[in-house]
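A short worksheet on the structure shown next.
Since every read-out is calculated from the coordinates, none of them should be taken as a lab result. The structure presented is a predicted model; accordingly, all values stated were derived computationally and were not measured. Here Cβ is always computed from backbone atoms with ideal geometry, including for glycine, and neighbour counts include all displayed protein chains.
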Amino acid sequence: MRLHACAPAFTCGLKNPTDTIDPVKNFERWKKKYNKTKTRVKQEKRQKRRPEWQVEKEAIQRLVNKYNEINAKDAERFSDFPISKNTLRGLMEAQYRQPTEIQRQTIGFALQGKDVLGAAKTGSGKTLAFLIPVLECLYRQQWTAMDGLGALIISPTRELAYQTFEVLRKVGKNHEFSAGLIIGGKDLKNESEKIHRTNIIICTPGRLLQHMDETAAFHASDLHMLVLDEADRILDMGFADTINAIVENLPKTRQTLLFSATQTKSVKDLARLSLKDPEYVWVHEKAKFSTPATLEQNYVVCELHQKVNMLFSFIRSHLQKKVIVFFACCKEVQYLFRVFCRLRPGMPILALHGKQQQMKRVEVYNDFIKKKNAVLFATDIAARGLDFPAVNWVLQFDCPEDANTYIHRVGRTARYKEGGEALLVLLPSEEKDMVSQLQEKKVPINRIQVNPEKLTSVQQKLEAFLAQEKEQKERAQRCFVSYLRSVYLMKNKDVFDVFQLKLQEYAASLGLAVAPRVRFLNKVQKQRADPGQSGGLGDVAPHEEEKELKSFKAQLRGDGLKSEAQESQSSDEEDDEEEDEEKVQPALLSFPLSLQETDSNTIKKTEKETKFKEAKKVLKRNFQVNTKLVFTEEGQMVQQWPPLQRTAVPATEGEEDDCTSGINVEEARERLRREDQEFDKLEYRLKQTHGTLPDPDKLHYDSEEEDDQISRKRPRQQATAKPLDTGLSLAEDEALVLHLLGNRS
Ligand SMILES: Nc1ncnc2c1ncn2[C@@H]1O[C@H](COP(=O)(O)OP(=O)(O)OP(=O)(O)O)[C@@H](O)[C@H]1O
């Protein structure tokens, strides 16, 4: 018997044949199962009768109970973290399955409610590292539209804010929260109506502060989480006041997350944000290099007057690549973009800088994302955080301000396990100190040689363009002055020395026959020669000079942040003009995360209608239709924009024809000389009247408008010569007009 009793242990689950035929035992087994199912069904019914929020609350509690058990080391998938089903589904649908290192190491701390300072190389996935905790934080609180602002994400640039908003839309689409993008624009009223119902705000600092100051219904007293993306940039001296003022309006109980690729542990910064025992997560602190391993980095030393030729030659030899070229200031981008379009290197050229109006910036951003091969001319506005897919090359045409800026710029390529190449162009005077700075920051960079004989010279062509187009010449002059000013304002005088630059050669390389007068340099030179003289730049107190320097640099780079921060006080005529343009655009995109697709579709629809209407208007406006359309070998239409404009100096006989049959360089030079004479005469006359020469920057102030905007200040006859901006490229416009004309005839 005993043996029998033990038998099941040895039979390994084999049933006793007598069981199957014993009806009593069978019945008991059935009854047991039946009772179990009955209780489960009863429980489920009871559960269903309970309100949804209560069920959710229990689910939340189950998640929260697991927070203390989070083991970052073992988390191989997002589902290994105790995060809500809605977030997990959003991540899966966006094809995010395994967390990256920075995500693995920070999500746990953030879920536990700790303040986090996260730093990891560029392209390592910092955005999700803060977006997931933001969604989970509000989910935990069962946040609703009625609760107002729950999380605030501050970005240094509008582009980065826009990009973060897009990622949030993707991963947060299964949640019910509303999200808003506040990145400038003047339509405060429209924003004010929605802002108090927005749960997650992604913003640039200036605009947010404006709402805090001016929108009565808006308050952040219930804020649970503050995120500073690219924290070191936001906490930079130039933005300190804005951040201080914002933080004053936030509750002290909030949780704070700071992320950047180049983070400092500056005690001052942390005190400003009142962080509470923050967790420092520096993923690549012990890494041999501070840039991605898949990034190949080189530099060349090139004379200033050879840089434009080098850029052209570089582009010509990388026609099938996606390239970003970084410049020191907006006016360089504006000028070189235009002339490079006209040089037709054989690939699409785009430009992104802070003087463009917001819609244009977004359009360029999206355009560049879509393109397979293209070159983007940009200021440092594009240096941080932007995630352009498949960028092969980053070329730094102008030396970056410091090693951190270098790291962020090159970080636009070699993102998330991809490869990339970076080339830094240095002047002989910049080489020694910049290279040692980079080595200090653990940037592996090698010098390579460029054979000067292999460079294609474009100087003559530029001279010819400037001879044909007065506006272009003015742009070249402003580019010249702005570049020098940007060099002069650089803090690190060991790297940047404006007095070592050969001005005449540089001017010539831009196509200018004569180097424009640079008033501030003359002033400094005088000051140097006669240090006792008062009223010069040397009189400025050091800290004031620094402040001025910071603010001016922000303007030069056109990084949007500073101009936003000081929007209301800006005395810069150009910015005013631009902000007026922005008035017509809604600056707040606010709607539940799941509904956003519909809204963007509506915007597109209306855009299309107006393009057609505008094209019809173009027909009525003596549009020049007999213009050559040029295609590359791959069949892509070559940009014909910007259109030609006539010079102020009347052309001699025969010169007119040159526009269509190529460029007569000699005649163009002659014209340029005559124009310079005219310019000198004008200067002389002005000097007679005012006693001092005008600043070339100010003299041409009114032509500083948006790239493809029609200047409201330009003389009438020039304004009519400009084509109407239809929102299409000129080539597309022309094709459309030709098509319409064809239909009429
Ligand atoms: N877990 C993940 N799985 C797959 N791809 C990811 C993951 N996390 C991020 N990525 C992708 O990696 C790329 C870089 O991410 P992200 O822009 O967040 O980097 P970053 O660290 O913020 O870079 P930067 O310092 O330049 O701002 C993006 O294209 C993103 O979609």
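For the reader, a short list of remarks on this structure follows.
- In terms of overall dimensions, the C-alpha atoms belonging to the range 81-210 reach 42, 32, 28 Å along their principal axes, ordered largest to smallest.
- Whole-number D in µm²/s for the range 138-264 (Stokes-Einstein; Kirkwood sum over Cα pairs; 37 °C, 0.692 mPa s): 223 µm²/s
- Here A287 and N492 are evaluated by their C-beta separation; at R0 = 25 Å the FRET efficiency comes out at 0.50.
- F499-E93 pseudo-label distance in nm [points 7 Å out on the Cα-to-Cβ vector]: 6.3 nm
- Here the spin labels are modelled as points 7 Å beyond Cα on the Cα-Cβ line, and at E303 and A216 they lie 6.7 nm apart.
- Radius ratio Rg over Rh of the range 18-70, counting only Cα atoms, Kirkwood formula for Rh: 1.32
- Three-way shape label, the range 433-482, alpha-carbon gyration tensor, a/c 1.5: oblate
- Extension gain, K45-T144: 0.36 nm per intervening residue step, less the Cα-Cα distance, totals 32.9 nm.
- Charged side chains reduced to their Cβ positions (Lys and Arg at +1, Asp and Glu at -1) give the range 146-212 a dipole of some 100 debye around its Cα centre.
- Net charge of Cβ neighbours under 15 Å - reference A75; Lys, Arg +1; Asp, Glu -1: -1
- Förster radius 41 Å - calculated FRET efficiency between D74 and E363, Cβ distance, rounded to 0.05: 0.40
- Per-residue HN-Hα couplings for the range 490-501 [Karplus 6.51, -1.76, 1.60; θ = phi - 60°; Hz; x = Gly/Pro]: 5, 6, 7, 6, 6, 8, 9, 9, 5, 6, 8, 7
- Based on the Kirkwood approach, the hydrodynamic radius assigned to the range 266-375 is 17.6 Å, with every pair of different Cα atoms included.
- Prolate/oblate/rounded call for the range 376-423, Cα gyration tensor, a/c under 1.5 rounded: prolate
- In the range 333-407, the C-alpha radius of gyration followed by the widest Cα-Cα span (Dmax) gives 12.4, 34 angstrom.
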